[in-house]
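**Student:** Okay, handing you the structure first.
The values are calculated or read from the model by the stated rules, or taken from the named source; none is laboratory data. All of these numbers come straight from a predicted model, not from anything done at the bench. Neighbour counts are summed over all protein chains in view; Cβ atoms, including those assigned to glycine, are modelled from backbone coordinates with ideal geometry.
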Amino acid sequence: MELFPSRTITLYLARLFITRILGVLIMLVLVLQTLDLLSESGTILAHQGNGEAQIWQYVGLRMPQLVARFLPYSVLLATLFTFFPLNQNSEIIAMRAAGLSALQILAPLLITAVGVSAFSFLFNETVVTGSTATLKAWQGVNYGRIEQASGVRSNVYIADGRNILYAETLTGSGAGAHMQDVTWYERDDKGMITRRIESPSASYAAPGWRFDHPQSFDAATTALTELAAPVVVGRGITPRQVDISAVDADGLNIFQLARAIRALHASGRRTAELDGKWWHKVSSPLSAMLMPLLGGVAAFGLARSGQLFVRAVAGMALGFAYFVIDNLALAVGNFGGYPPIIAAWAPFLLFLLVGETVLIRTEE
């Protein structure tokens, strides 16, 4: 009637599981970081003045993202690498013969996975969000110099009626916001662009945004004209609109994202995509808790039956199917196909039931 087996077996299984999680995670991160660095190092070094220090800076910013993304995969593979040899060496059979149920054998791994989920949540909200925001800002200026405390954001679009203001990078906030590589698109009633004004920088002119050293392109005449004086555009765009238009869920922790969603709600903006990502910040770390349940199919069944490898493949397939369906549900939710809470939680609940069904049938 006890949930856990003896203290010795519990510590034995938990220790095996933790060491395999760390081993698989280190292997995956090192391999993927090396491949990613090979593809990105040329772009980093292409900027004048960048060298080895910037390469290591990129590694420091990119590695937390890889750890967060592949930690659940590591738990899945570690489950298989733990149970496969235990089953092959008849240790699982010995535990079952001693009177342990399938749930008692899985319990040490499930509790360990709960701890991994808690660590994943804290790591995502304290480390990954900051490194993601900094890396995106750095990539937005093509790995040039950025001010660490300036809150640089990239690819900002703001609508002013039919017209659109685009900034490749945005520094600061409020009336002190400063835009770089900005473009103003003037459109007609049919949505066709009639005129385009570009400038290397723009600042708030109260009202509107002043373009310094602008050049104008007329779509009708295809004429490109250098304007002698600064131009003020987007008089209906306020600094508050600029602040809430540049919300990046990946670069904000759960509390900052909640505040941004409330601000968008107050301004009448659609927030379904951000709502889904807010819920996903909670449900995504819990995916590590599912992996022992889904991969546990490899633990049971006789090794001499010849189906041990098939069971391991089935456990891996269940785990990877969860990640595919989770990403699909989130994408559909972003387009309004599902309510945000359903898009974030439905895959988790579905595969929780699938894992429990497999466990019960194993026990039967």
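**Student:** Looking only at segment 322-364, count every residue that is in contact (Cβ under 8 Å) with a residue 24 or more places away in the chain and part of a helix (DSSP H, G or I) and tell me the total.
**Tutor:** Residues meeting the conditions: 24.
**Student:** Only one of these conditions is not met by I92: (1) modelled with pLDDT under 90; (2) within 14 Å of the chain's Cα centre (by Cα); (3) crowded, with 16+ Cβ neighbours inside 10 Å. Which number is it?
**Tutor:** Here I92 clears every test but (2).
**Student:** Here is a further query. Any idea which of (1) under 27 Å from A137 (Cβ atoms); (2) surrounded by fewer than 18 Cβ atoms within 10 Å (Cβ to Cβ); (3) modelled with pLDDT under 80 is the one V242 doesn't satisfy?
**Tutor:** Among (1) under 27 Å from A137 (Cβ atoms); (2) surrounded by fewer than 18 Cβ atoms within 10 Å (Cβ to Cβ); (3) modelled with pLDDT under 80, the lone unmet condition for V242 is (2).
**Student:** Which ones in segment 142-152 are buried (at least 17 other Cβ atoms within 10 Å of the Cβ) and either assigned to a helix (DSSP H, G or I) or at pLDDT 70 or above (or both)?
**Tutor:** Scanning segment 142-152 gives a single hit, Y143.
**Student:** Also: Considering only segment 200-218, how many residues are of a type outside the set (A, V, I, L, M, F, W, C), assigned to a strand (DSSP E or B) and without any contact (Cβ under 8 Å) to a residue 24 or more places away in the chain? Steps first, answer last, please.
**Tutor:** First pass over segment 200-218, keeping only residues of a type outside the set (A, V, I, L, M, F, W, C): 200-201, 203-204, 207-208, 210, 212-216, 218.
This time we only want the ones that are assigned to a strand (DSSP E or B), so: 200-201, 203-204, 210, 212, 215-216, 218.
When the remaining residues are screened for being without any contact (Cβ under 8 Å) to a residue 24 or more places away in the chain, the result is 200-201, 210, 212, 215-216.
Result for segment 200-218: 6.
For every residue, the table says whether it meets (1) surrounded by fewer than 16 Cβ atoms within 10 Å (Cβ to Cβ); (2) within 18 Å of E168 (Cα to Cα).
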site: P200; (1), (2): yes, yes
site: Q215; (1), (2): yes, yes
site: A220; (1), (2): yes, no
site: L224; (1), (2): yes, no
site: V231; (1), (2): no, no
site: R235; (1), (2): yes, no
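**Student:** Quick one: count up the residues across segment 155-196 that are of a type in the set (G, A, S) and on the phi > 0 side of the Ramachandran plot.
**Tutor:** Matching residues across segment 155-196 total 4.
**Student:** For segment 38-62, enumerate the residues that are buried (at least 18 other Cβ atoms within 10 Å of the Cβ) and either within 16 Å of M27 (Cα to Cα) or not polar (S, T, N, Q) (or both).
**Tutor:** Of everything in segment 38-62, those that are buried (at least 18 other Cβ atoms within 10 Å of the Cβ) and either within 16 Å of M27 (Cα to Cα) or not polar (S, T, N, Q) (or both) turn out to be I44, Y58, L61, R62.
**Student:** Any residue at all in segment 120-134 that's touching a residue at least 24 places away in the same chain (Cβ under 8 Å) and either in contact with a Phe, Trp or Tyr (Cβ under 6 Å, 6 or more places away or on another chain) or closer than 24 Å to I360 by Cβ (or both)?
**Tutor:** no
**Student:** If you scan segment 315-364, which residues turn out to be over 16 Å from the mean Cα position of the chain (by Cα), surrounded by fewer than 16 Cβ atoms within 10 Å (Cβ to Cβ) and closer than 18 Å to S74 by Cα?
**Tutor:** A317, F320, A321
**Student:** Something else: Might you let me know whether segment 61-77 holds any residue that is under 20 Å from Y322 (Cα atoms), under 20 Å from the mean Cα position of the chain (by Cα) and of a type in the set (D, E, K, R)?
**Tutor:** Within segment 61-77, one or more residues are under 20 Å from Y322 (Cα atoms), under 20 Å from the mean Cα position of the chain (by Cα) and of a type in the set (D, E, K, R).
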